[in-house]
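Each remark here refers to the structure printed beneath this line.
The values are calculated or read from the model by the stated rules, or taken from the named source; none is laboratory data. Fair warning: this is a prediction, and the values are worked out from it, not measured in the lab. Backbone-built Cβ (ideal geometry, glycine too); neighbour counts: all protein chains shown.
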Amino acid sequence: MLIVAERINASRKSIYRAISEKDKNFIQNEAIIQTHAGADYIDINAGLFAEKEIDCLKWMAEIVQEATALPLCIDSADPKAIRMILPLVEKTPMINSITLEQRRFEALIPILLDRPCKIVGLCQTDGRAAHTASEKIDLTQELIGKLTQAGVSSDNIYIDPLVFPLATDAGSAKSTLEAILSIMKSFPDVHSICGLTNISFGLPERKLINRTFLTSAIIMGLDAAILDPTDGPLTAARKAAWLVSGKDPFSQIYIAAFRQGLLRA
């Protein structure tokens, strides 16, 4: 399972402060601990800085790549920001994200085709985000069609069906799980991904909800997630779910995790 480490995000107060104060050591330590925790990509997000986002992302990309050999996930809704950051990225990046919103799609496609990269595709179009399973499936089909027609390889597409907080949308988990199952059956060459912690926003004992949803999503076919890799019980649940879902032949990943002390739930 591909893990995108979520912690270097300006929506976290500690990260916002570190970016504001240019606290290089703090940001680099976040990159290092997530690398040691088994991440595959390090997400960097400076969206709360608005007009300063590009400058902040440039600084973050530079110092994070000094601290870890992992590739970056450039997390921005601004095509210009992505275009400005990509030349600074050393390894094949992940871009988070593209949508079916016409202006955003048309602005991003030339940028994304200019160099190899993985692309997170959100189930969202002009003025509308997908909430029901059928909406998520329909928008996925349209998005995959447009991306592949534009020249994007299916293996580089990571569909995010969008997870909304259960506190405000009681059916969010159910509709997303149904969509993941259908998407992965209909489009076996693409990948599915989600921003895991969205599901528990506004509720107590968030980590319990996160673990429960991730386990269910893996069983449905989810093969990538944006999450906190330093959450030990979440890692244990993820490894067990990967085994139970039949994706771990001879239990090799699970046993390796046990030997590394990662299964202390």
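A few comments on the model shown:
- Within the stretch 160-173, residues that are in a strand (DSSP E or B) sit with their Cβ atoms under 9 Å from residues that are among the hydroxyl-bearing types (Ser, Thr, Tyr), at 6+ positions apart or across chains, in these pairs: Asp160/Ser97; Asp160/Ser192.
- If you go through the stretch 94-139 and pick out every residue that is out of contact with any Cys (no Cβ under 6 Å at 6 or more places or on another chain) and not in a strand (DSSP E or B), you end up with 29.
- Taken residue by residue, the stretch 179-202 has at least one member that is of a type in the set (Phe, Trp, Tyr) and under 19 Å from Arg7 (Cα atoms).
- So Ile144, is it assigned to a helix (DSSP H, G or I) and either touching a helix residue (DSSP H, G or I) at 6+ places or on another chain (Cβ under 7 Å) or not assigned by TED's automatic domain parsing to the domain that holds Ser216 (or both): no
- Test result for Thr148, without any contact (Cβ under 8 Å) to a residue 12 or more places away in the chain and among the β-branched types (Val, Ile, Thr): yes
So that you can scan it fast, the table gives a plain yes or no per residue for (1) loosely packed, with under 15 Cβ neighbours inside 10 Å; (2) in contact with a strand residue (DSSP E or B) (Cβ under 6 Å, 6 or more places away or on another chain); (3) under 16 Å from Asp75 (Cβ atoms):
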position	(1), (2), (3)
Ile3	no, no, yes
Glu6	no, yes, yes
Ser14	yes, no, no
Met60	no, yes, yes
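- Residues that are assigned to a helix (DSSP H, G or I), in contact with a Cys (Cβ under 9 Å, 6 or more places away or on another chain) and among the aliphatic types (A, V, I, L, M) occur in the stretch 209-218; there is at least one.
- The set of residues in the stretch 88-102 that are closer than 12 Å to Cys117 by Cα and either surrounded by fewer than 23 Cβ atoms within 10 Å (Cβ to Cβ) or of a type outside the set (A, V, I, L, M, F, W, C) (or both) comprises Val89, Glu90, Lys91, Thr92, Pro93, Asn96, Ser97.
- Listed by first and then second residue, the pairs with beta-carbon distance under 7 Å, at least 6 apart or on different chains, first residue in the stretch 98-124 and under 10 Å from Val152 (Cβ atoms), second loosely packed, with under 13 Cβ neighbours inside 10 Å and not polar (S, T, N, Q), are Leu113/Gly151.
- Matching residues, the stretch 181-215, being touching a residue at least 40 places away in the same chain (Cβ under 8 Å) and farther than 23 Å from Ile144 by Cβ: Thr197, Ile209, Phe213
- One residue stands out among those in the stretch 219-265 that are of a type in the set (Gly, Ala, Ser) and part of a helix (DSSP H, G or I): the one that is nearest to Asp155 (Cα to Cα), which is Ala241.
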